[in-house]
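Report on the following structure.
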Amino acid sequence: MSDTLLANLNPEQLAAVTLPDQPALILAGAGSGKTRVLTTRIAWLIQTGRVSPQGVLAVTFTNKAAKEMLTRLSAMLPINVRGMWLGTFHGLCNRFLRLHHRDAGLPQTFQILDTQDQQSAIKRLMKANGVDDEKYPPKQVGWFINNCKESGLRPGDVEVNDEFNRKYVQLYQLYQDQCEREGVVDFAELLLRTYEVLLKNIPLRTHYQHRFSHILIDEFQDTNTLQYAWLRLLAGQGEYMSDIDRTRAAESKRIAVANIFAVGDDDQSIYAFRGANVGNMDSLVRDFQVRNLIKLEQNYRSHGHILNSANALIKNNAKRLGKELWTDAGVGEQVRVFEAPSDLAEAQFVLEEVGGLTRDGWPRSQCAILYRSNAQSRAFEQGLMRHGIPYRVYGGLRFFERAEIKHALAYLRLMENPHDDTAFARVVNLPTRGIGARSVEQLQDMARERGTSLYGAVAFLAGKAGTSIGAFVKLIDGMRFATQGLPLHEIVEHIIDASGLLAMYRADKEGEERIENLEELVNAARNFNAEEGYALDAPATQAEAENELPSPLAAFLSHASLEAGDNQAQAGEDAVQLMTVHAAKGLEFDAVFLTGLEEGLFPHENSLKEDGGIEEERRLMYVAITRARKRLYISFCASRMMHGQTRYGLKSRFFDELPEEALRWLTPKISGMGTGFSAGMRDAWQRGGGKPFGDADYGGGAVPAFAKPQTSHGWRLGQGVRHPKFGEGVIVNLEGAGNDARAQINFGEAGMKWLALSVARLERV
Ligand code: ATP
Ligand code: MG
């Protein structure tokens, strides 16, 4: 049977899959089969009896990747792989903490705060303590806390060197106390708490060290310091012992040293901004004395022109370990490049192309629209919706992050744990039940005085506030009583109704979509038991079976916090895939639309200020290009609406790094100077009578795209105009000719309008 498992591997891949039990690092470029090697190795280890499924710990970067890996493994192995410890760092830590909540000092029903919850918890805390949120912006406070946690630092460990810093540390402490009181943990806490339990609890650590004889990690280049420390601990290579101790311990079998198998690509390290440390690769080689360092250079994913573009681009990075990918798939199609006058026109172009591809038989799920920042998805989503094309967004405003869903989840959280203050504060007056902000403040004061949760403080509250909030508490208690023992989806159904949320959205003219989403939540709960399967439903060991398992509701709530999936398209429906380039890591599609390739957007303007920023953006671009199998489109816009303003973009510098012969321009190529230009530059251009002006960075002397020959109607893109009703604006798009000519004009505050040029009374400004 091994033979079929190992068939279709090239010699280097085969060597990697069947390496003896020794630490190994597979370092290879995109699409060279790293994930395939890792998955096949797990199957091979199990199938040849080298390890039991319980002995494997496998870490993936996203939930989507974890699901794919489980599916592939189930196809390769005739065993139930559900109980295996395979998932993201966060997912695995969540599982660990549920099992060992007592050792971790957490209530069994602890809830997970996602990024938004964390922000509202911080804001609530700052308000309660009278902290100036202009001086200490809650976002910064959140970053500070997360950074500390990701570096393994508790408030007492942070070095305080000035007043400002002292305040941050104080807030960190207050926040931590609040989380402990409420029994909630944020994402970074999941990791740090797990790490600390393993560090301090020797019997538990020893148990897991013995249990996981094989630890495999995908996308190793993007692990952060804490994640790596966590892996070292589990692998029996922790810093907690001197070398002599470690040798003695290993000899006496007190600790087991796991076989670590990491795969990664330094060229795809794209999470430095979140603390990922590509240096972990060096550390791994040193700490584990890795002698098996395997390179894979054949790419099985992309056709030649696509691959050559990726290779040529990434060569511009100075800091690389250096590897060149090749393919025997042939050159394939050239990369199609498209310049759009506006972001709406770009979306229109992409939709038309997707339509054409689907008509030609390409599955929608094999078409991906990628963008650098989440805000860009809106134009595509609107177009897809208008045309009734099913689509699915990964990341961004995810299903579980929508307001109505978060409200419903808050009620569900109160069913699990009424002391969850974040949930309590969210829905105490939602739907409105006459509980004013003043009453909530009184309650918060009382809770602080008495050292209890908000729920616990209600009993001490007199007067009007006591009565109104008391009624809310009765409602919550009543709902908990009524839902006891019900199947998960009935619990959800009940609370949506009994909380008054459903009635609230029914009364709202625009509430229909929200009701649909709430119904979708009931569906998600119904399917959760059956298929999502919080992996704990199949305890892998006796030890796990003996531990209390969380209720299905607790499991569902964790899933809601951790899951990055979305439900715009029905499950199983063939849908176009939309996501940021970051979220696309590790994935592949037949056709990829890489959009918004404008200076300031991609590379992102923030990266220009940072050391190594451009190199990280280039790696991101490399990741984006290498997602495509057969067809790649790269587009950019002359103007784009962002944050309510029109921005004129220059085409990204990355175009200059792509090989000319690999590109096919669908719109005329303008050399040198980019296409659009900023308002200041536009003014200069107009003042200069339309003569090209020099710009050192973009090769002055070339003709800007805006200087296209004037058409019969005499208007041109970028022209400033004045309208009697809408005021001043700028033409961002032109269509048609003669009497049918129309212009899209950005009027700033009055918004974006399409006007017929023959009737609109426009003046030039
Ligand atoms: P990334 O760096 O983007 O994560 P990767 O190195 O993990 O890429 P995989 O996703 O494992 O690459 O493989 C890329 C594609 O090539 C997949 O479709 C995989 O099935 C295919 N593939 C890998 N190895 C082979 C092979 N030996 N024969 C045929 N196809 C292969
Ligand atoms: Mg991969």
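Every number here is computed from the coordinates shown, using simple stated rules; none is lab data. Every value quoted in this text rests on a predicted model; they were computed, and no experiment measured them. A quick note on method: Cβ atoms are made from the backbone with ideal geometry, for glycine too, and the neighbour counts reach across all protein chains shown.
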Quiz item: Among 164, 220, which comes first, second and so on when ranked by fewest other beta-carbon atoms within 10 Å?
Solution: 164, 220
Practice problem: Report, in whole Å, the centroid distance computed from the Cα atoms of region 446-492 and region 111-187. | Solution: 26
Quiz item: Given charges of +1 on the Cβ of Lys and Arg and -1 on the Cβ of Asp and Glu, with all other atoms neutral, how large is the dipole of region 172-234 about its Cα centre, in debye to the nearest 20?
Solution: 440
Practice problem: Give the shape of region 62-121 as rounded, prolate or oblate, defined through the alpha-carbon gyration tensor: a ≥ b ≥ c are the square roots of its eigenvalues, a/c under 1.5 means rounded, and otherwise the shape is prolate if a/b is larger than b/c and oblate if not. | Solution: oblate
Quiz item: D for region 190-229, whole µm²/s, Stokes-Einstein with Kirkwood Rh over alpha-carbon pairs at 20 °C and 1.002 mPa s: what number?
Solution: 189
Quiz item: Based on the Kirkwood radius over alpha-carbon pairs, what is the Stokes-Einstein translational diffusion coefficient of region 348-434 at 20 °C with 1.002 mPa s viscosity, in µm²/s?
Solution: 135
Quiz item: What is the distance in Å between the Cα centres of region 341-374 and region 250-326?
Solution: 32
Self-check item: Residue order, fewest to most beta carbons within 10 Å, for 367, 148, 179, 637
Solution: 148, 179, 367, 637
Exercise. Take 257, 473, 492 and order them by how many other Cβ atoms sit within 10 Å, fewest up front.
Key: 257, 473, 492
Self-check item: Under-21-angstrom lysine pairs by C-alpha in region 264-409, whenever the two are 8 or more apart or on separate chains
Solution: 4
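I need the shape label for region 379-496. Rule: rounded when a/c is under 1.5, else prolate if a/b > b/c, else oblate, with a, b, c from the alpha carbon gyration tensor.
prolate
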Quiz item: Excluding same-chain residues fewer than 8 positions from residue 464, which lysines have a Cα within less than 27 Å of its Cα?
Solution: 123, 127, 474
Practice problem: May I ask you to list the lysines whose Cα is less than 28 Å away from that of residue 725, ignoring any residue fewer than eight positions away on the same chain? | Solution: 753
Quiz item: Under 21 Å Cα-Cα from residue 630, which lysines qualify once same-chain neighbours fewer than 8 residues away are excluded?
Solution: 34, 585
